[in-house]
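To start, the structure under review is shown below, and the notes come after it.
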Amino acid sequence: MAHATFTSEGQNMESFRLLSGHKIPAVGLGTWRSGSQATHAVVTALVEGGYRHIDTAWEYGDQREVGQGIKRAMHAGLERRDLFVTSKLWCTELSPERVRPALQNTLKELQLEYLDLYLIHWPFRLREGASKPPKAGDVLDFDMEGVWREMENLAKDNLVRNIGVCNFTVTKLNKLLGFAELIPAVCQMEMHPGWRNDTMLEFCKKNEIHVTAYSPLGSQEGGRDLIHDQMVDRIAKKLNKTPGQVLVKWGLQRGTSVIPKSLNPERIKENIKVFDWVIPEQDFQALNSITDQKRVMDGEDIFVNKTEGPFRSVADLWDHED
Ligand code: NDP
């Protein structure tokens with residue numbers, strides 16, 4: 001359920017309540033492929049756009065820049081307790097003894113004392129220096145239970161407020177739920193009208209795991225251009241909104257938080273103006289009916305080795321659930 005929490009530039013900023021009782025702001029700024037421009041994007045989002053939620057990861061290589069942006073926004077008057085900062089544990093760190101040092105490095109890069117959310121980035125362990133695509137021996141066994149225990153310890157020690165996962169399947173979530181003392185607060189997954197991923201959404205809802213939708217605009221660069229999709233464009237024109245806003249709102253109306261990335265100040269501000277209107281049911285259903293359902297982030301280039309395994313196909317990665 002969405003809750004109105006605070007107001008920025010006269011608009012209601014909504015959030016979702018997590019199992020822990022913390023609130024996750026409904027729209028966050030994505031920072032993948034933001035590089036040196038991440039600082040400016042974060043400042044624009046936090047100070048001018050009214051964002052309170054930033055999504056980053058060690059693997060994006062921009063945590064220092066994101067941290068500088070957060071610092072500048074705090075100098076401009078924002079309080080740390082009003083911000084929701086997410087980062088992710090990369091695949092090379094997926095062994096129990098590496099979890100805490102990885103988090104400590106992330107906190108140092110971000111210049112923060114704690115994270116609001118720490119996610120397992122992908123459920124596959126990589127050897128340091130792994131090639132793309134992986135060579136034999138690059139994809140290693142993943143001790144899910146041991147790693148999760150360490151994630152739980154970070155939460156117990158208040159270094160992270162919430163823990164969660166990304167890119168899991170029902171099979172993998174079931175395995176995790178079998179031993180978890182702290183169940184994941186959030187599951188972050190690719191979701192947009194071209195990849196609804198209803199199975200995971202329903203499974204998470206049933207288990208009270210909040211879902212964050214990543215690549216909500218189809219990721220654009222090398223992904224799927226939903227911004228210029230005819231139906232999205234038609235609905236946007238009808239509602240006097242932009243395609244970006246319609247795509248973000250579609251995710252919110254499904255009960256997910258949404259983390260669009262932009263480096264463009266106007267688009268950053270536009271993407272969060274989604275709180276004082278709705279997509280009417282008929283148009284919402286039309287967006288739910290795109291038949292060409294395909295992942296953009298299928299993980300093939302990072303984890304699939306067609307001849308050596310352990311994952312010989314994209315279907316193997318996703319436990320043959322699609
Ligand atoms: P998005 O779906 O957010 O799309 C970003 C692209 O859309 C950029 O090219 C951006 O260009 C463009 N764009 C942004 N706003 C608009 C707009 N209003 N109109 C037109 N174009 C627009 O892609 P991402 O893949 O970056 O996903 C968002 C975030 O999700 C990531 O940045 C990351 O934080 C997270 N993520 C997590 C993953 C995981 O494994 N957990 C995997 C992938 C993403 P411009 O900058 O020029 O505006």
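Numbers at a glance
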read-out	value
His75, His22, reordered so the largest accessible area comes first (probe 1.4 Å)	His75, His22
Segment Glu97-Glu308, extension gain: residue separation times 0.36 nm, minus the distance between their alpha carbons	73.2 nm
Listed residues Arg224, Arg72, Arg161 arranged by accessible area, highest first, probe 1.4 Å	Arg72, Arg161, Arg224
For segment 55-60, 3J(HN,Hα) per residue [Karplus equation, 6.51 cos²θ - 1.76 cosθ + 1.60, θ = phi - 60°, Hz, x = Gly/Pro]	10, 9, 6, 4, 5, 6
Label-point gap, in nm, between Gln230 and Leu19 - each point 7 angstrom along Cα→Cβ	4.4 nm
Percent carbon-and-sulfur accessible area, the chain, ignoring ligands, DNA and RNA, probe 1.4 Å	47 percent
Distance between segment 30-79 and segment 211-240 - C-alpha centres, whole angstrom	23 Å
Of His228, His53, His121, the one that fluctuates the most in a GNM where the chain has Cα springs shorter than 10 Å	His228
Contact order normalised by residue count of segment 215-322, Cα under 8 Å, 6+ apart, percent	20 percent
Radius 13 Å from Cβ of Leu173, net charge of other residues (Lys, Arg +1; Asp, Glu -1)	0
Prolate/oblate/rounded call for segment 89-226, Cα gyration tensor, a/c under 1.5 rounded	rounded
Label point distance in nm, Asn153-Lys175, each placed 7 Å from Cα along Cα→Cβ	2.1 nm
Paramagnetic reach from Lys238 in segment 245-275 [backbone N under 15 Å; point 7 Å along Cα→Cβ]	246-247, 250
Charge tally in the Cβ shell below 9 Å around Ser34, where Lys, Arg are +1 and Asp, Glu are -1, Ser34 excluded	0
Probe 1.4 Å, accessible area per residue of the chain, Å²	43 Å²
Percent of beta bridges antiparallel (DSSP, the chain, rounded to nearest 5)	30 percent
Long-range amide H partners of Leu29 with built H, under 5 Å	His53, Ile54, Asp55
Projected label distance in nm at His320 and Asp141, using a 7 Å step from Cα toward the beta-carbon	2.3 nm
Extension gain, Glu79 back to Glu202 (0.36 nm per residue minus Cα-Cα distance, nm)	40.8 nm
Within the chain: Cβ-based charge dipole about Cα centre, in debye rounded to nearest 20 (Lys, Arg +1; Asp, Glu -1)	520 debye
Sparsely packed chymotrypsin sites (Phe, Trp or Tyr not before Pro) within segment 198-291, loop by DSSP, other Cβ within 10 Å at most 13	Trp277
The chain, relative contact order in percent, only Cα pairs under 8 angstrom and at least six apart counted	18 percent
Among beta bridges that DSSP assigns inside segment 100-242, antiparallel share in %, nearest 5	20 percent
Phi-based couplings in Hz for segment 190-198 (Karplus 6.51, -1.76, 1.60; Gly and Pro marked x)	5, 8, 6, x, x, 8, 6, 6, 4
Candidates Glu270, Glu145, Glu128: whichever shows maximal mean-square fluctuation once the chain is modelled as a Gaussian network with Cα springs under 10 Å	Glu128
Accessible surface ranking that places the most exposed of Asp225, Asp55, Asp322 first, with a 1.4 angstrom probe	Asp322, Asp225, Asp55
Residue (of Gln111, Trp122, Phe84) at the positive-pole extreme of segment 84-172, dipole from beta-carbon charges	Trp122
Two-decimal Rg to Rh for the chain - Kirkwood Rh, Cα set	0.94
Unit charges on C-beta of K, R, D, E only; dipole of segment 144-244, Debye	380 debye
Charge dipole of the chain about the Cα centre (unit charges at C-beta), most positive-ward option of Leu19, Leu317, Leu177	Leu19
Built amide H within the under 5 Å cut-off of Tyr214, gap 5+	Met189, Glu190, Met191
Relative contact order computed over segment 114-228 (Cα-Cα under 8 Å; 6+ residues apart), in percent	22 percent
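The values are calculated or read from the model by the stated rules, or taken from the named source; none is laboratory data. For clarity, every value in this text was computed on a predicted model and none was experimentally measured. Here Cβ is always computed from backbone atoms with ideal geometry, including for glycine, and neighbour counts include all displayed protein chains. All accessible areas refer to the heavy atoms of the entire protein, side chains included, with ligands and DNA or RNA removed. Shrake-Rupley method; radii C 1.70, N 1.55, O 1.52, S 1.80 Å.
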